[in-house]
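The values are calculated or read from the model by the stated rules, or taken from the named source; none is laboratory data. Being a predicted model, the structure only gives us computed values, none of them experimental. A quick note on method: Cβ atoms are made from the backbone with ideal geometry, for glycine too, and the neighbour counts reach across all protein chains shown.
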Amino acid sequence: MTKIAFPQMGDYHIPASYLLSHVFPNDQIIKAPKITSKTIEIGTKYSPEFVCTPFKYTLGTMIESLEQGADILIQMGGGCRYGYYAELQEQILKDLGYKCKIINLVTKGETNFKRINNLLKQINPKYSKLKTIYYTFVTLKMVKYMDIIDNYIRENIGFEQIEGSFESLKEEMLVEFSHIKNFRHLYRTYQKYLKKFHKLKTHKPDNRLKIGIIGELYTIMEPFSNYYLEKSLAKHHIEIKRFTNVHYLLIEKAKEYKKIKKYAKNYFKYNMGADASDNIARCKYLCQKNYDGIIHIKSSFCTPEIGAMPIISKIANQYQKPVLFFSFDSATSQTGVETRLEAFYDMLEMRKEK
Amino acid sequence: MNTVGIPRSLFYYYYGNIWEDFFTALKINYIVSPITNKEIMDRGIKTSNSEMCLSLKNYLGHVDYLKDKCDYILVPRISNFKNSNQTCTNFWAAYDIVKNIFNINILHYNIDLEKGQTLKKGLYKIGKALNKSSPQIKRAYKYAIIKHKKQVKKNHQINQNKLKVKKTKILIVGHPYNVYDELIGKDIIKYLLKNNIEIIYSDKFDSKITNPLSKEISKDLYFKYSKDNLGAIAYTRKKINGIIFISSFPCGPDSLANELAMRKIKKPYLNLVIDDNSSFTGLETRLESFLDMLGGKLND
C-alpha cells in the first residue's frame, strides 16, 4: 500500500483527495497538515534563496507530509517556472534523506492523456482508466460548484448578520462534498446548499465599498500565504471580487484568452506568461465596472506579475483608481499587511464620501 | 532618414550581429546604445519596477537612453524555440513593458516557433516597416545570417580549443547579457583573466550538442537558455577545474536550474548573484578565495 500526498492550496484539498481516493481505492491518501508558520520556516530553510514563495510553501508541506509517512507526492505545474518546481524539489528532498517520488502531472501548463496515464501507472499499475475518467469529471464539476459558491460568499460575507454563518455553512458543505457518490448526488447537494446560502440573512448597504483582487494564482488561492487578506477585508464590510480559481485555470483560461486579448488590446499584444495578461485585462474590467479599489497580490520574485505591474498601475492611473500592491514573502509580517490594508481602506472611505 | 535604435542589452547579445549586418546591408541608419555605464543603469533603475531583475532594469535603462536619439527602437519578443525550449517570461513581456512605460515608436517582431513565427519572418516584417522591397530584404537577410553562422562556428571552435589548454580552466555559466555586460559580469571576467585563468563560456557551445546533454543534469528543464548552460556543464565537466555561476538578481530560471546543477555536479563552484547594490570589492574577495581553493587543489 502506498501513501499518496499532495501540497495543499485553499479548500481544494477536498476535491483532490476525493479524486485520488476513488482512483486509488487501495492506497492511503494523506491529507497534508494545514499550513502554519512552521511550514514556511521549514520550506524557506531548504529552498534556494530567490525562488518565488510558492516553492517554499509547497516544499514545506511536502516535508511535513513525508514526516507523516507519505511515499508519493503529487505536484502540478503552471505556465511559468512553477512547472519546473518538481524536479528541484525531488532533488532537495533526496539530499535531505527522504525516500519519495514526485509525480508532476502538468509541466509547462500543458499535458496530455498519454503522459498522465504513464504517470498514474507508476503509482498503481492496476488503476482503472474508466473510473479515473468518470471521477475526474465529477471532481471538475465539484470544483466548479465550489467556485460558484465561493464567489457568492465573497460578495456577501462582509455583510452577514450572524457572524460566522457563511463559514460554518461552507464547512458543512465541504464535508458533504467529500462523500459524493455520483453526478446526480453532487448536483442535488449543490442545489441544496446554494439555496441555503441564499437564505442566509445579509444586510447590504447601497454605498458599500467594492474591491477587486487580482494577482498571482497561488498567493491568491491559499489564504495563509496572503495573510487571510479576504477575511480582513470582509471584516471591514467590503464586497470582494476575485477572478482566479481552479476552475478558471483548468477550463476557462484557454478559452478566454482570445477574448481577454481583444478586450485589453491597448495594453498588451502578447501573452506575458502565467496570469499576467489576464490580470491586465481584469484591471481594466474592474476600472470600467467602477470598483472602488484594486488589490494586486503576488509572492515576491514572481516574474510575470512584476512585468504586469507597471501596466496595471498605468491603467489604474488612466481611470483614476487606487491600486494597492502587495508582495508577500516568508518574512512579511501580519501587522505590516494589516496597517497598509487599514490605510488603504480609510483612503477608499474618504474617496467615497467625496 | 529613419534611425533605428538598438539597446545593447538582453536580446542584443543573441541577435546583435544579425541586426547590425541586416541594417547595414539595407542601408538603414542605426545606433547601438553605448556599453553600459553607471548613468544608463541608474536610468533603468529609475524607470523600472523595483522588483524587476537587474538585466531587465539594465535593458530599460538602455531604452531610456535611446528614446530621444532615434525614430524607432527595436524591441523583439522571443517566446519559444519549439520542443519545450521556452525563454524566460521577461523575454515574453519585454515588448509590452517597453511599450507601456515609454512613449516611443517601436519596431518589433515575435519569435514563436510553435506558432510558426520565425526570425526570418520577423526581419522581413521589420524591413517592410522601413519601406524596403522584398528582394532587398532577402539579400540583406541572407548576408546577415551567413555572416552570423560563420561567427558562431568560429566561437564554437575557439571554445573547443580553450578546453585543450593546460591552464586552470573555469567554466563561466551565465546568460550572455549578464556575462558580457560591462556593469554586471565584465569585472569578474577581467579579474579572472588578470589571474591567468582560461575562461570557457557556457553560451558559446553548439546548442545542438549541449541541449541533449543537459538531460544528464535536468530532465524536465524547458528553458532554452538554461538548457544551454547546463548542457555546457555536462559537456565540459571532465575537462574543467571549476565553475562560476553568474546570474542577476532575481533571475527566475536560474534560481531553479542553477540550484539543481549545484546540487548534482561534483565540482568546485562559486555562485555569484549580482544585484544593483553589489560592489566588486565583495565579489573580489570571494573570487580570490575561490581561486586559492582551486589552486590548492591543483597542487595536490
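A quick yes/no check of all residues on (1) buried (at least 24 other Cβ atoms within 10 Å of the Cβ); (2) more than 18 Å from the chain's Cα centre (by Cα); (3) basic (Lys, Arg); (4) away from chain B (no Cβ under 14 Å):
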position: A:HIS237; (1), (2), (3), (4): no, yes, no, yes
position: A:LYS241; (1), (2), (3), (4): no, no, yes, yes
position: A:LYS258; (1), (2), (3), (4): no, yes, yes, no
position: A:LYS262; (1), (2), (3), (4): no, yes, yes, yes
position: A:ASN266; (1), (2), (3), (4): no, yes, no, no
position: A:SER299; (1), (2), (3), (4): yes, no, no, no
position: A:GLU305; (1), (2), (3), (4): yes, no, no, no
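When restricted to residues that are of a type outside the set (Ser, Thr, Tyr) and within 23 Å of A:ASN226 (Cβ to Cβ), region A:1-47 contains 21. Apart from one condition, B:SER50 fits all of (1) surrounded by fewer than 17 Cβ atoms within 10 Å (Cβ to Cβ); (2) of a type outside the set (A, V, I, L, M, F, W, C); (3) more than 20 Å from B:VAL273 (Cβ to Cβ); the exception is (3). Count of region B:1-25 residues, restricted to those that are among the aliphatic types (A, V, I, L, M), modelled with pLDDT under 90 and closer than 20 Å to B:PRO76 by Cα, is 1. Residues in region B:240-263 that are in contact with a strand residue (DSSP E or B) (Cβ under 7 Å, 6 or more places away or on another chain) and either in a helix (DSSP H, G or I) or under 16 Å from B:GLU198 (Cα atoms) (or both): B:ILE240, B:ASN241, B:GLY242, B:ILE243, B:ILE244, B:PHE245, B:PRO253, B:ASP254, B:ALA257, B:ASN258, B:MET262.
For A:TYR319, the conditions (1) within 12 Å of another protein chain (Cβ to nearest Cβ); (2) surrounded by fewer than 18 Cβ atoms within 10 Å (Cβ to Cβ); (3) in contact with a Cys (Cβ under 6 Å, 6 or more places away or on another chain) all hold with the exception of (1). What residue, of A:TYR152, A:TYR134, is among the hydroxyl-bearing types (Ser, Thr, Tyr) and more than 30 Å from A:SER232 (Cβ to Cβ)? Within the list A:TYR152, A:TYR134, the selection yields A:TYR134. Taking region A:312-337 as the range and being under 23 Å from the mean Cα position of the chain (by Cα), in a helix (DSSP H, G or I) and either modelled with pLDDT of 90 or more or aliphatic (A, V, I, L, M) (or both) as the test, the residues that pass are A:ILE312, A:VAL337. At least 1 residues being within 14 Å of chain B (Cβ to nearest Cβ), surrounded by fewer than 22 Cβ atoms within 10 Å (Cβ to Cβ) and not charged (D, E, K, R) is the threshold, and among the helices (runs of 4 or more DSSP H) wholly inside region A:35-129 those reaching it are A:37-46, A:85-95, A:113-123. Of all residues in region B:67-110, those satisfying the criterion of being touching a Leu at 6+ places or on another chain (Cβ under 6 Å), on the phi < 0 side of the Ramachandran plot and either away from chain A (no Cβ under 11 Å) or of a type outside the set (S, T, N, Q) (or both) are B:TYR72, B:ILE73, B:LEU74, B:PHE81, B:LEU107. Of all the criteria given as (1) modelled with pLDDT of 90 or more; (2) away from chain A (no Cβ under 12 Å), the one not satisfied by B:LYS266 is (1).
Condition check ((1) out of contact with any Cys (no Cβ under 6 Å at 6 or more places or on another chain); (2) away from every other protein chain (no Cβ under 14 Å); (3) modelled with pLDDT of 90 or more) across all residues:
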{"residue": "B:THR210", "(1), (2), (3)": "yes, yes, no"}
{"residue": "B:LYS219", "(1), (2), (3)": "yes, no, no"}
{"residue": "B:PHE223", "(1), (2), (3)": "yes, no, no"}
{"residue": "B:GLY231", "(1), (2), (3)": "yes, yes, yes"}
{"residue": "B:TYR235", "(1), (2), (3)": "yes, yes, yes"}
{"residue": "B:ILE246", "(1), (2), (3)": "yes, yes, yes"}
{"residue": "B:PHE249", "(1), (2), (3)": "yes, no, no"}
{"residue": "B:ASP275", "(1), (2), (3)": "yes, no, no"}
{"residue": "B:PHE290", "(1), (2), (3)": "yes, yes, yes"}
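Of the residues A:GLN161, A:GLN68, the single one that is over 30 Å from B:CYS88 (Cβ atoms), at pLDDT below 90 and not assigned by TED's automatic domain parsing to the domain that holds A:LYS181 is A:GLN68. With respect to the conditions (1) closer than 21 Å to B:ASN100 by Cβ; (2) surrounded by fewer than 23 Cβ atoms within 10 Å (Cβ to Cβ); (3) in contact with a Pro (Cβ under 7 Å, 6 or more places away or on another chain), B:TYR13 lacks only one, and its number is (1).
Taking region A:268-285 as the range and being of a type outside the set (S, T, N, Q), under 20 Å from the mean Cα position of the chain (by Cα) and assigned to a helix (DSSP H, G or I) as the test, the residues that pass are A:ALA276, A:ASP278, A:ILE280, A:ALA281, A:ARG282, A:CYS283.
Does A:ASN245 satisfy being within 12 Å of chain B (Cβ to nearest Cβ), surrounded by fewer than 22 Cβ atoms within 10 Å (Cβ to Cβ) and not hydroxyl-bearing (Ser, Thr, Tyr)? Answer is no for this residue.
Put simply, of B:VAL63, B:VAL75, B:VAL152 the only residue that is outside the structural domain of B:PHE11 (by TED's automatic domain parsing) and of a type in the set (A, V, I, L, M, F, W, C) is B:VAL152.
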